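These notes are about the structure you will find just below.
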Amino acid sequence: MGYKSLQACITDLEQHGHLIRIKQEVDPYLEMAAIHLRVFENEGPALLFENIKGSKFPAVSNLFGTLDRSKFMFRDTLDKIKTLVDIKGDPIKAIKHPFQYLNVAATALSALPMKTGKNAPINFGRTQISELPQIVNWPMDGGPFVTMPQVYTEDADTPGIMNANLGMYRIQLAGNDYIQNKEIGLHYQLHRGIGVHQTKANAKGQPLKVSIFVGGPPSHPLAAVMPLPEGLSEMTFAGALGNRRFRYYYDDEGFCISADADFVITGTVMPQQNKPEGPFGDHLGYYSLTHPFPLMQVNRVYHKKNPIWSFTVVGRPPQEDTSFGALIHQITGSAIPKEIPGLHEINAVDAAGVHPLLFAIGSERYTPYLSGRKPQEILTIANHILGSNQLSLAKYLFICAHEDDPSFHVHDIAKFMKHMLERIDLTRDLHFYTKTTIDTLDYSGSDLNSGSKVAIAVAGEVKRELWTELPAIFSLPRPFHNFKMALPGILAVEAPTYISESETQKQVDILNDHLKNDDLNNLPLIILCDDAGFTAQTINNLVWVTFTRSNPSHDIYGINSFTQHKHWGCKGPLIIDARIKPHHAPPLIKDIATEAKVDQLGAKGGVLYGII
């Protein structure tokens, strides 16, 4: 089977107990998002909001809220798609086993985009931006946003759907300086296909035509976030995954229109025309602040008959986009390692906000004729990773040798960190990249899109047994009064509120003077933080605090540190200053009054009773 529309998907989910309807009026300002977040936290169903204040259109969220529900929606095509991606990475398989892959080849051929006439469902009606659900997720957001868009652009040099890009980039519908119904904000980050398209359009002095699709079969938004192999278009993937060809046409102004979408917003982006966009509560768990981003002049807003708006809520992981990521990993898990020689596994750690932290396992085979291992090949692999598409936005890369433990995997944070810290040589294994690019959403760096990276590459035998508790004689000097073991070998230390780099250096010097003569081989990592109890409470708290609130070049210190021939290392524990700094974006905090309203919905007799 395959869904012809978002409505068909909703009907199927409801019939199988995966969706509930909320019939009472809900406020798009904070309340809808709060309901979504609470239901997601409890692994609840998808939500159809039938009565939204200020809009005649219903909205659906949490479609991808659990991996099981995501797999249910694609239950008839998921295995074929995994094989299709696998073949793309290794075409020889199809040649060696042609009969085994016959049905997959048929799936790929039938998935090619299909041009339709202009009497498509999407051409039923027109509306304007202000009539769409004006959903605001977080109290400090700059206005309502589209959070589940499929943003379509074409290459000015090679136009046409097969060379087009379909990506999920947030859209600000109102607020700031936008002229209502005429202008909206288009936000995209580094290493996105739309950036290439805008660069080419700018070079020609042409406006970039943009079509924003909302809704449609669930394969369409999933295709928009897929890290697809080169040469496999998002529209083809959407057709294959949804078992229905991507249908489209061009309107009389030359915009590509998704025939099966529920809404399509068309417009143009002129060269060098920007307006302030944001703030927006983002998936690192903090606000993206206000910055100039491309201004989109709105042409038209199409909708089908009885359309349904689709949205999600992002915030500190895990969120619905976590389930997106889990499904993507199931589909493409083997694809990325095949593109980088020697790479076995890689994991962008969701709990740390994805881009701030990567775990990887690679081969170490450069000198098998020598006894013992040291990082050599895995350094080459690390450089390849940090030069590959969106992986290049990583800030911390921990990579270890497959040969040290062939049964080892990257998805258990505690086990991976234990493996690394048992083997790390802090005089040798840290490799910094300074004054470079990091994720647009990461405010730990020195400027927007700017910061540093560190690759920590470990290979060889176990060097230490990590402390799980501190010796009775262990102490720290003032002003470090509260500390707690977070994981074996990792100590969270509560430090005074951050003031400046110079003050931090004084505090590290105090620590260094106190600890420099102690045997701390079994304690390789110290985290300076604002709240030791919170940081050490869970593994998720630990990695979120540590890797979203630190910039390697500025915030890594060490006991008995040294620089030799431009290589930095330390002979005692590594120190990461993960305190909140003045230039950091504020963390996301829920609205208390709105949370109380959601509590009432979960009380006996409420629509969410038994769910939250």
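The values are calculated or read from the model by the stated rules, or taken from the named source; none is laboratory data. All values derive from a computational prediction rather than experimental measurement. Here the Cβ is made from the backbone with ideal geometry for all residues, glycine too, and neighbour counts use every protein chain on show. For accessibility, only protein heavy atoms count, side chains too; no ligands or nucleic acids. Shrake-Rupley method; radii C 1.70, N 1.55, O 1.52, S 1.80 Å.
A few comments on the model shown:
- Helix content alone sets the calculated 222 nm mean residue ellipticity of the chain: runs of n ≥ 4 DSSP H residues at -39500 (n - 2.57) each, divided across all residues, give -7500 deg cm²/dmol.
- Protection proxy ranking, peptides 52-62, 115-125, 491-501, 215-225, average beta carbon neighbours within 10 Å, highest first: 215-225, 52-62, 491-501, 115-125
- Summing charges over all other residues whose Cβ lies under 13 Å from the Cβ of Ser5, with Lys and Arg as +1 and Asp and Glu as -1, gives +2.
- Rounded to the nearest 20, the size of the Cβ-charge dipole of the chain about its Cα centre is 1260 debye, with Lys and Arg at +1 and Asp and Glu at -1.
- Projecting label points 7 angstrom from Cα along Cα→Cβ for Leu448 and Thr199 puts them 1.8 nm apart.
- Here the range 509-559 is assigned +1 on the Cβ of each Lys and Arg and -1 on the Cβ of each Asp and Glu. Its dipole about the Cα centre then comes out at about 200 debye.
- The value of relative contact order for the chain, using C-alpha pairs under 8 Å at least six residues apart, is 13 percent.
- Per residue value of the accessible surface for the range 312-405 (all protein chains in place, 1.4 Å probe), Å²: 36
- (1) 80, 55, 51; (2) 115, 57, 52; (3) 79, 63, 53, with the label sought being that of the calculated Cα extents along the principal axes in Å: (3)
- Given charges at Cβ of Lys, Arg, Asp, Glu: the range 300-449 dipole, positive-most of His384, Ile308, Ala414: Ile308
- Share of carbon and sulfur in the accessible heavy-atom surface of the chain [1.4 Å probe, %]: 52
- Mean Cβ neighbour count within 10 Å, used as a protection proxy, ranking 392-400, 595-603 highest first: 392-400, 595-603
- Residue ranking by accessible heavy-atom surface, 1.4 Å probe, largest first, among Leu608, Leu112, Leu588 comes out as Leu112, Leu588, Leu608.
- Other residues lying with their Cβ under 13 Å from the Cβ of Val314 contribute a combined charge of -3, Lys and Arg counting +1, Asp and Glu -1.
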